[in-house]
Amino acid sequence: MAAVSQPGTPRLLRALNDRAALELLLARGPLTRSQLGELTGLSKVTASQLVERLEERGLVRRVGEQAGGRGPNAQLYSVSPGSAYVVGVEVGAEQVIAACADITGAVVGRVEVSMQTENSGGGVDDPVRLVHDAVVTAAAQAGAPLSAVRRIVLGTPGLVDPNSGDIVFAFNLPRWQRGLAAALRDDLHTTILFENDVNLAAVAESHLGAAREVGDFLLVWVGSGIGLAVMLGGRLHRGFSGAAGEIGYLPVPGAEIPRDVSRRVGKGAFQMVAGADAVRAVAREHGFRAPSAADAVKAAIAAGTKGGPVLDELARRLALGVAASCLVLDPPLVVLTGEVGAAGGTPLAERVQHEVAAISPVAPRVVVTGVSDEPVLRGALLTALDTVRDEVFGSTVD
């Protein structure tokens with residue numbers, strides 16, 4: 001027998017109205033009680049009660065007055081920035097960047113810490129201390145007590161074990177391994193989440209970049225490493241073991257296929273064909289020498305027709321991995337990012353689109369990233385904010 005839907009209780013309706021009002025204040029800026037009533041469809045009395053309830057809970061505050069019209073000026077309200085804080089952390093081979101944002105999304109604290117170590121393999125001897133210091137410093141700059149930081153999201157290379165939440169396969173961070181997630185939670189006494197850095201770049205792209213309002217897309221990171229993020233129905237697809245998107249290991253023509261990859265630091269076949277080292281080698285073959293793969297691609301673009309063969313060859317190589325992924329998932333959009341992907345811009349993206357269509361029956365649109373500034377860190381903050389806003393805004397009624 002089909003369940004009979006029950007009418008919403010007054011408590012549930014109040015919670016829904018509160019959440020709608022808070023979202024409007026985030027999106028539209030300071031509003032009066034009357035404006036909130038108009039935008040939510042609530043009566044003046046109900047809107048006033050709503051504002052009073054949120055103000056008592058410290059979720060909204062008065063920020064000024066709106067002049068005009070008859071009678072006294074109307075009070076303007078906005079979301080209280082200090083009602084909750086989050087910290088996003090980007091972990092790289094050379095540095096750790098931590099940023100603290102208030103619940104409105106404004107970044108109010110930031111610190112960069114060098115990953116100096118005597119170990120030739122990279123990483124640091126005490127990652128717990130490193131993250132602790134970075135988080136505490138970023139929060140202190142924001143004027144936020146650590147107890148007000150509701151969630152910390154760390155973006156790192158490697159896979160995230162779906163069972164333990166730890167990082168695995170992060171070969172350039174040898175000490176960022178098993179047990180680290182629990183150790184950080186015990187140290188900082190708040191919710192700590194690891195996420196793959198390319199996945200976080202895709203989150204930023206879906207909110208701020210070329211994939212806004214696109215539910216299904218692939219993001220291909222081309223830099224010192226090769227990575228893929230899969231967004232389906234607006235949600236990240238991580239796979240059973242967290243390995244979805246590790247296309248650096250994709251077997252492709254033109255490179256030896258390594259075996260027993262779980263025991264070696266070596267590169268996968270697609271990484272050897274299209275990673276930064278391969279990009280620099282292709283550029284050198286055509287007379288373009290540069291300190292980095294991104295610089296080599298920029299030089300080829302600046303050279304006009306002379307640099308065309310470099311972009312053509314890179315597109316041919318990248319299309320091997322992009323086409324293979326698209327044949328399985330058939331997305332409408334592919335976004336190129338990472339140092340090399342961003343440096344290639346539209347000239348490289350258009351060539352990849354042409355090559356994919358030439359070697360496969362699918363023809364997705366291929367574009368360059370719309371998030372040029374710290375996509376991993378932005379994705380970490382957005383991921384933390386999405387959850388914390390749910391927690392804070394979803395618990396406004398006793």
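The values are calculated or read from the model by the stated rules, or taken from the named source; none is laboratory data. Source: prediction; values computed, not measured. Don't worry about glycine lacking a Cβ; one is built from the backbone with ideal geometry, like all the others, and counts go over all protein chains shown.
Checking G245 against (1) on the phi > 0 side of the Ramachandran plot; (2) touching a residue at least 60 places away in the same chain (Cβ under 8 Å), which test does it fail?
Condition (2) is where G245 drops out.
Is it the case that R178 is charged (D, E, K, R), more than 30 Å from V352 (Cα to Cα) and either without any contact (Cβ under 8 Å) to a residue 40 or more places away in the chain or out of contact with any Ser or Thr (no Cβ under 7 Å at 6 or more places or on another chain) (or both)?
It is true that R178 is charged (D, E, K, R), more than 30 Å from V352 (Cα to Cα) and either without any contact (Cβ under 8 Å) to a residue 40 or more places away in the chain or out of contact with any Ser or Thr (no Cβ under 7 Å at 6 or more places or on another chain) (or both).
Pull out all pairs, ordered by first then second residue, where Cβ-Cβ is under 8 Å, the residues are six or more apart or on different chains, the first lies in segment 138-162 and is free of Cβ contacts under 8 Å to residues at least 60 places away in the same chain and of a type in the set (A, V, I, L, M), and the second is surrounded by fewer than 23 Cβ atoms within 10 Å (Cβ to Cβ) and in a strand (DSSP E or B).
Going by the 8 Å Cβ cut-off, the qualifying pairs are A138/G109; A138/R110; A138/V111; A139/G109; A140/G109; A142/D102; A142/V108; A142/G109.
Only one residue in I167, I226 is surrounded by 18 or more Cβ atoms within 10 Å (Cβ to Cβ) and closer than 20 Å to D125 by Cα. Which one?
From the options I167, I226, the qualifying one is I167.
Looking at the structure I just gave you, is Q75 of a type in the set (S, T, N, Q), assigned by TED's automatic domain parsing to the domain that holds L22 and at pLDDT 80 or above?
Answer is yes for this residue.
Give the number of residues within segment 176-219 that are part of a helix (DSSP H, G or I), over 17 Å from E339 (Cα atoms) and among the small types (G, A, S). Before the answer, list the steps.
Just the residues of segment 176-219 that are part of a helix (DSSP H, G or I), to begin with: 180-188, 197-208.
This time we only want the ones that are over 17 Å from E339 (Cα atoms), so: 180-188, 203, 206-208.
Now narrow it down to the ones that are among the small types (G, A, S): 181-183, 206.
Total satisfying the criteria: 4.
Looking at R284, R351, can you tell me which residue is charged (D, E, K, R), over 16 Å from L219 (Cβ atoms), touching a residue at least 40 places away in the same chain (Cβ under 8 Å) and outside the structural domain of V107 (by TED's automatic domain parsing)?
Just a single option satisfies the conditions, and that option is R351.
Step by step: first the residues of segment 220-236, then only those that are part of a loop (DSSP other than H, G, I, E, B) and either free of Cβ contacts under 8 Å to residues at least 60 places away in the same chain or out of contact with any Pro (no Cβ under 8 Å at 6 or more places or on another chain) (or both), then the one that is nearest to E195 (Cα to Cα). Which residue is that? I'd like the intermediate steps shown before the answer.
First, pick out the residues of segment 220-236 that are part of a loop (DSSP other than H, G, I, E, B): 223-225, 233-234.
Applying the additional criterion that residues be either free of Cβ contacts under 8 Å to residues at least 60 places away in the same chain or out of contact with any Pro (no Cβ under 8 Å at 6 or more places or on another chain) (or both) yields 223-224, 233-234.
Details: G223: 18, S224: 19, G233: 19, G234: 17 Å.
Result: G234.
For M272, state whether it is outside the structural domain of G158 (by TED's automatic domain parsing) and surrounded by fewer than 21 Cβ atoms within 10 Å (Cβ to Cβ).
For M272, the condition - outside the structural domain of G158 (by TED's automatic domain parsing) and surrounded by fewer than 21 Cβ atoms within 10 Å (Cβ to Cβ) - is met.
Taking L130 as the residue in question, decide whether it is of a type outside the set (F, W, Y), farther than 24 Å from D373 by Cβ and not assigned by TED's automatic domain parsing to the domain that holds G245.
no
Any chance segment 322-332 includes a residue that's over 16 Å from L250 (Cβ atoms), in the same structural domain as A243 (by TED's automatic domain parsing), modelled with pLDDT of 95 or more and hydroxyl-bearing (S, T, Y)?
No, the conditions are met nowhere in segment 322-332.
Consider R389 against the criteria (1) charged (D, E, K, R); (2) surrounded by fewer than 16 Cβ atoms within 10 Å (Cβ to Cβ); (3) at pLDDT below 95: it satisfies all of them except one. Which criterion is unmet?
Status for R389: all satisfied but (2).
Which members of segment 343-398 meet the condition of being farther than 15 Å from A101 by Cβ and polar (S, T, N, Q)?
Matches in segment 343-398: T346, Q353, S360, T369, S372, S395, T396.
Quick one: which of R351, R280, R317 is basic (K, R), within 14 Å of S224 (Cβ to Cβ) and either in a helix (DSSP H, G or I) or in contact with a strand residue (DSSP E or B) (Cβ under 8 Å, 6 or more places away or on another chain) (or both)? Please lay out each step first, then the result.
Working: R351 fails: within 14 Å of S224 (Cβ to Cβ); R317 fails: within 14 Å of S224 (Cβ to Cβ).
Going through R351, R280, R317 in turn, the sole match is R280.
It is to be established whether one or more residues within segment 33-41 are over 30 Å from G155 (Cβ atoms), crowded, with 18+ Cβ neighbours inside 10 Å and acidic (D, E).
The answer is no; no qualifying residue exists.
Provide a single number: the residues in segment 237-250 that are under 13 Å from S325 (Cβ atoms) and either more than 20 Å from the chain's Cα centre (by Cα) or in a helix (DSSP H, G or I) (or both).
The total comes to 4.
Does L311 fit the bill of being of a type outside the set (D, E, K, R), within 21 Å of G209 (Cα to Cα) and crowded, with 17+ Cβ neighbours inside 10 Å?
In short, no.
Could you identify the single residue in A27, A47 that is under 23 Å from D390 (Cα atoms), modelled with pLDDT of 85 or more, touching a Gly at 6+ places or on another chain (Cβ under 7 Å) and not in a loop (DSSP other than H, G, I, E, B)?
A47
Output the number of residues of segment 282-302 satisfying the condition of being of a type outside the set (A, V, I, L, M) and within 16 Å of E339 (Cα to Cα).
Number of matching residues: 4.
For segment 304-323, name all the residues that are more than 24 Å from the chain's Cα centre (by Cα) and touching a residue at least 60 places away in the same chain (Cβ under 8 Å).
Passing the criteria: R317, L320.
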